[in-house]
1. Pairs, please: C-beta under 6 Å, at least 6 apart or cross-chain, first residue surrounded by 23 or more Cβ atoms within 10 Å (Cβ to Cβ) and in the range 291-313, second in a strand (DSSP E or B)?
2. Condition check: modelled with pLDDT under 95 and either more than 30 Å from GLN58 (Cβ to Cβ) or over 15 Å from the mean Cα position of the chain (by Cα) (or both). Does GLU257 satisfy that?
3. Just checking, does the range 210-223 include any residue being more than 25 Å from THR156 (Cβ to Cβ), modelled with pLDDT of 95 or more and among the acidic types (Asp, Glu)?
4. Any chance you could count how many residues in the range 237-274 are touching a Gly at 6+ places or on another chain (Cβ under 8 Å), assigned to a helix (DSSP H, G or I) and either small (Gly, Ala, Ser) or within 26 Å of ILE225 (Cβ to Cβ) (or both)?
5. Do you know which residues across the range 66-111 are more than 30 Å from ALA49 (Cα to Cα) and touching a Phe, Trp or Tyr at 6+ places or on another chain (Cβ under 6 Å)?
6. How many of the residues in the range 314-327 are crowded, with 20+ Cβ neighbours inside 10 Å and part of a loop (DSSP other than H, G, I, E, B)?
7. Evaluate the following for VAL60: is it part of a helix (DSSP H, G or I) and within 18 Å of GLY158 (Cα to Cα)?
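The values are calculated or read from the model by the stated rules, or taken from the named source; none is laboratory data. Keep in mind the model is a prediction, meaning the values are calculated, not measured. Positions of Cβ are generated from backbone atoms using ideal geometry, with glycine treated the same way; all protein chains shown enter the neighbour counts.
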Amino acid sequence: MTDASLPLTPEVRILPRKRPEGARTNIVGLTRAQLRAALISAGTPERQANMRVGQVWQWVYHWGVRDFALMSNLAKDYRTLLVENFEITLPEVVTRQVSDDGTRKYLVRIAGGHEVEVVYIPEDNRGTLCISSQVGCTLTCTFCHTGTQTLVRNLTAGEIVGQVMLARDDLGEWPVQGAPKDETRLISNVVLMGMGEPLYNFENVRDAMKVVMDNEGIALGRRRITLSTSGVVPEIARTATEIGCLLAVSFHATTDEVRDRLVPINRKWNIATLLDALRAYPGLSNSERITFEYVMLDGVNDSKEDAYRLVALLQGIPAKVNLIPFNEWPGAPYKRSSGNRIHAFADIIHNAGYASPIRTPRGEDIMAACGQLKSATERARKSRAEIAAEAGQPPPPRIVRRPDAPDLH
């Protein structure tokens with residue numbers, strides 16, 4: 001792979017430092033500073049390090065190249081050094097499902113054989129990639145399928161960046177050298193709303209997003225990235241100062257009694273504490289509002305009184321409210337609110353001056369919708385009764401539906 005626009009550097013003889021077999025460093029996920037240090041450690045002269053970082057970075061993150069031999073503006077000896085000391089490795093795509101509505105869900109295997117799920121949602125004017133930050137989750141939110149899977153481990157920065165790269169692979173989004181420049185972005189937005197609580201894996205999420213936002217690579221602007229938290233209060237301000245992305249909050253209730261049940265982290269940082277942290281969020285403005293995610297659960301949090309309480313709670317916070325019709329999953333102890341009730345709730349929020357879009361469920365037929373992600377090999381084997389008990393609900397009846405049965409919710 002060659003490109004006349006990439007200047008050739010003078011050939012410099014460099015003696016690479018031998019490393020034990022299998023000890024090569026994966027470049028994917030390293031920040032610029034980390035990559036610079038790694039290149040120097042492998043034998044790159046310090047005076048050349050910044051230049052080499054820029055060259056390697058562009059090949060990996062702009063062109064999507066995985067083979068050092070194709071990095072044609074690097075001298076052959078230097079490419080040998082890279083081959084002997086580094087690798088460019090992404091998580092493995094185990095399965096790829098495509099929904100009737102075009103949503104794509106990837107089951108992705110990472111180191112240790114663990115698996116996470118990644119979802120791409122195409123729309124008319126944008127394409128959103130929902131990525132994961134942990135294998136499983138610590139939070140056990142009772143309406144969320146992922147919450148029934150215990151936490152296995154945090155993802156590394158490389159495993160988080162790798163999700164973006166493998167989706168670009170599948171979509172054919174890497175630019176082609178020599179072709180006219182195409183500004184179309186199939187992945188125009190990234191949301192950290194997949195498996196896990198991003199703020200319980202802050203450093204890896206931060207470093208991964210620095211890579212994704214870098215202007216000489218994948219180059220997604222900070223306002224194209226949204227991090228969703230259930231309310232890890234001590235880390236909220238760091239999201240603004242160290243990442244700079246937009247913030248979403250998995251809110252879902254207007255009283256501590258209900259939120260304690262739906263989002264158990266509320267028992268540690270209750271609604272008042274969370275809202276105080278959000279009001280102090282650095283850079284908060286009408287152009288950079290906080291998104292409040294609110295799943296609509298029949299008879300649980302969807303009354304007109306809930307809507308009016310939510311309006312009162314949001315006072316002083318530039319915000320919008322995403323209303324999410326509950327996406328059911330096997331054994332779920334809740335039902336989706338009726339369409340009439342969801343629209344009535346939205347009208348109250350809208351009339352109070354807040355945007356209140358109702359999210360259209362996407363990818364339900366492949367269990368790719370919000371709250372449905374759960375890797376098949378790491379399931380916590382909870383019974384329907386156990387899930388219901390945690391939610392404070394009576395055990396749901398066991399209903400076997402025909403594949404062609406209509407969705408009544």
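1. That search, which allows pairs on different chains as well, returns PHE292/VAL249; PHE292/ALA319; PHE292/VAL321; TYR294/VAL321; TYR294/LEU323; VAL295/ILE324; MET296/LEU323; MET296/PRO325.
2. Working: modelled with pLDDT under 95: no; either more than 30 Å from GLN58 (Cβ to Cβ) or over 15 Å from the mean Cα position of the chain (by Cα) (or both): yes.
It is false that GLU257 is modelled with pLDDT under 95 and either more than 30 Å from GLN58 (Cβ to Cβ) or over 15 Å from the mean Cα position of the chain (by Cα) (or both).
3. Among the residues of the range 210-223, not one is more than 25 Å from THR156 (Cβ to Cβ), modelled with pLDDT of 95 or more and among the acidic types (Asp, Glu), which makes the answer no.
4. The qualifying residues number 4.
5. Matches in the range 66-111: VAL93, ARG96, ARG104.
6. If we filter the range 314-327 for residues that are crowded, with 20+ Cβ neighbours inside 10 Å, which is where we start, we get 314, 319, 321, 323-327.
Right, trim to part of a loop (DSSP other than H, G, I, E, B) and you get 314, 326-327.
Looking only at that region, the number is 3.
7. Details: part of a helix (DSSP H, G or I): yes; within 18 Å of GLY158 (Cα to Cα): yes.
Criteria met by VAL60.
Listed here are the residues, each with its yes/no results for (1) within 22 Å of ILE187 (Cβ to Cβ); (2) of a type outside the set (S, T, N, Q).
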residue: VAL212; (1), (2): yes, yes
residue: ILE218; (1), (2): yes, yes
residue: ILE225; (1), (2): yes, yes
residue: SER250; (1), (2): no, no
residue: ALA253; (1), (2): no, yes
residue: ARG259; (1), (2): no, yes
residue: ILE271; (1), (2): no, yes
residue: LEU274; (1), (2): no, yes
residue: ALA277; (1), (2): no, yes
